[in-house]
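The values are calculated or read from the model by the stated rules, or taken from the named source; none is laboratory data. All figures in this text were calculated on a predicted structure; none of them were measured in a lab. Ideal geometry is used to build each Cβ from the backbone, glycine not excepted, and the neighbour counts take in all protein chains shown.
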Amino acid sequence: MESYKSSQRKFKLQEKKKVKQHLKEFYKGLDNMEVIAADLRKLDVIFTEDNLQEYVTPLLGRDLDSMEKFVLLGKLNYKQELDEARDNVK
């Protein structure tokens, strides 16, 4: 019985390590998208789902997958809406 519990603990530890690694990769990807969004904001172009790929590929060195594209467009549009709201207040 002791070995069964020991193997269960080892399995749970392995699963926790896998989850931790996935989370690290996820947050690393989000940070990378933030850096790319900052670089793209300097271009002063209105980005759409169609033209985003041609601007990102030289910066990232690969094509975006659908989730990365969604996150990046969200970051770019949120910043744009925030700037417009600030301009309207002034």
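Values computed for the structure shown
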item: Residue in the range 30-51 that is surrounded by the fewest Cβ atoms within 10 Å (Cβ to Cβ), counting only those that are in contact (Cβ under 8 Å) with a residue 40 or more places away in the chain and of a type outside the set (D, E, K, R); result: Leu30
item: Search result, residues across the range 6-58 that are outside any helix (DSSP H, G or I) and within 15 Å of Glu68 (Cα to Cα); result: Phe47, Thr48, Glu49, Asp50, Asn51
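To keep it simple, each residue is scored yes or no on (1) at pLDDT 85 or above; (2) in contact with a helix residue (DSSP H, G or I) (Cβ under 9 Å, 6 or more places away or on another chain); (3) of a type in the set (Val, Ile, Thr).
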| residue | (1), (2), (3) |
| --- | --- |
| Lys10 | yes, no, no |
| His22 | yes, no, no |
| Phe26 | yes, no, no |
| Lys42 | yes, no, no |
| Val45 | no, yes, yes |
| Asn77 | no, no, no |
| Glu81 | no, no, no |
| Arg86 | no, no, no |
